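Derivation of every value follows stated rules applied to the coordinates shown; laboratory data play no part. Everything numeric here is computed off the predicted structure, so don't read it as measured data. When we count neighbours, we look across all protein chains shown, and the Cβ atoms used for this are built from the backbone with ideal geometry, even at glycine.
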Amino acid sequence: MSVRQHFVRRMRRHVGLFVAVLALVSLTTVLQVNAQPEQNQSQTVQHQTTIVARNAASIPVVSINRLPPEARSTINLIRQGGPYPYPKDGTVFRNRERQLPQAATGYYQEYTVKTPGVRHRGARRIVTGQGGEIYYTGDHYATFVRVQ
């Protein structure tokens, strides 16, 4: 095979790859354009997605006595006003997961519940609301219970 034939063969291969990539990019663009809602439908979609925060009635309620002892200790620290063992204790909880009732930013504060055998903060938290609500999560905000 001559140098020229080898060069032509390599160029064909590269052109083929270039055409395949170009086709995929074009197809992706077409799919994105088709997937976007029409102008008059976008307001409806936006309105539907904003109503996803839980209401207080849908969150299970448990007695404080049913919580782990470390959670009860954290609640006692909160009631005393500290001191808290972790620097992030008392910071704003933004409720990004929307597992708690929707409220203004700054309404909720979070506190770490110590986890035995774990050297970092772990997954357990107490979240308090400005209205006096107390919530406990043992799975890093995936689920909550309201504490009575």
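Quick notes on this one:
- Length gained on full extension, His140 to Thr91: 16.1 nm, using 0.36 nm per residue less the C-alpha separation.
- Qualifying GluC sites (Glu not before Pro) for the stretch 91-148 [loop in DSSP, other Cβ within 10 Å: at most 15]: Glu97
- Based on the Stokes-Einstein relation at 10 °C and a viscosity of 1.306 mPa s, and on the Kirkwood radius from alpha carbon pairs, the stretch 50-148 is assigned a translational diffusion coefficient of 116 µm²/s.
- A simple spin-label model places pseudo-atoms 7 Å from Cα toward Cβ; at Met1 and Ser58 they are separated by 6.3 nm.
- Fully extending the segment from Gln80 to Thr105, taken as 0.36 nm per residue of separation minus the present Cα-Cα distance, adds 6.6 nm.
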